[in-house]
Amino acid sequence: MNDRPQVLVVEDEQEIRELMALHLLRQGYRVHESSSVEQARKQVSENKFDLLVLDWMLPGLSGVDFLEQIRHSKIPSRVLMVTAKSEPQDIIEGLEKGADDYLTKPFNPDVFMARVRAILRRAVDKADDNSEEIVIDGLKVNFATYDVQLQGEKLHLTPSEYKLLSIMLQNQGRVLTRDRLIENIQGEGINVVGRTIDTHVFGLRKKLKEWGDHIETIRGVGYRVKLDLV
Ligand code: CA
């Protein structure tokens with residue numbers, strides 16, 4: 001039996017591809033490499049990958065086109081998009097097409113590995129995720145009773161703040177776009193816009209005090225709860 005995670009790196013620039021593969025191998029992952037979507041498609045049909053590291057700009061079909069195909073298929077792999085595009089609208093497009101996270105080039109190898117670990121850890125958490133309660137760094141949220149406590153003290157959140165906190169905790173490490181958050185807290189008779197989200201997050205951070213530092217603002221894109229400080 002071999003339970004080391006299997007990763008496919010799809011990247012046309014040989015130097016970058018080899019650098020990523022080297023770092024992944026050093027951490028004990030099993031690594032396959034592709035330089036095009038065509039090659040990658042063959043590999044995903046023959047192997048089961050826990051994670052795809054997917055470059056955006058590839059010869060022929062782009063990484064984001066491939067991402068779309070993957071999400072419309074039954075391939076369950078997690079996807080880390082790697083892109084030289086750093087404009088918020090590009091990042092939003094990648095996330096909305098189903099990337100679990102993204103990394104912009106040039107990147108620091110330590111950050112790359114931290115993102116990989118976070119995505120794979122999330123995959124494991126999800127597998128045994130039947131608990132009604134989550135406790136992170138002194139913050140306890142009970143999803144059955146809607147009870148939120150910080151260092152044992154009850155917090156009084158508005159319904160929107162509670163919904164935002166819940167979705168961010170359940171997707172920790174993952175960047176959530178404003179649109180996704182709007183969809184989540186939109187209720188009957190409530191008209192939510194991007195700026196409203198920012199206001200709720202502001203209120204939430206205030207109530208969470210220092211814990212609020214875990215909520216990272218991704219400029220122009222959205223928010224993420226992160227636990228690693230990388
Ligand atoms: Ca490329």
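Tally up the carbon and sulfur contribution to the accessible surface of the chain as a whole percent, 1.4 Å probe, everything protein left in place.
That share works out to 48 percent.
Restricting to lysine pairs 8 or more places apart or on different chains, what number in the chain have Cα atoms under 13 Å apart?
Step by step, the pairs that qualify in the chain add up to 4.
Given a cut-off of under 8 Å on Cα pairs at least six residues apart, what relative contact order in percent is computed for the chain?
Answer for the chain is 14 percent.
Taking the Cα atoms of the range 6-128, what is the range of coordinates along each of the three principal axes, in descending order and whole Å?
For the range 6-128, the Cα extents along the three principal axes come out at 32, 31, 27 Å.
If you average 1/r across every pair of different Cα atoms in the chain and take the reciprocal, what Kirkwood value do you get, in Å?
Hydrodynamic radius (Kirkwood, Cα pairs) of the chain is 18.8 Å.
Any idea of the accessible area per residue across the range 133-225, 1.4 Å probe, to the nearest Å²?
That works out to 54 Å² per residue.
The values are calculated or read from the model by the stated rules, or taken from the named source; none is laboratory data. Remember, it's a predicted structure, so these values are computed and weren't measured experimentally. Accessible surface areas use protein heavy atoms only, side chains included; no ligands, DNA or RNA. Shrake-Rupley method; radii C 1.70, N 1.55, O 1.52, S 1.80 Å.
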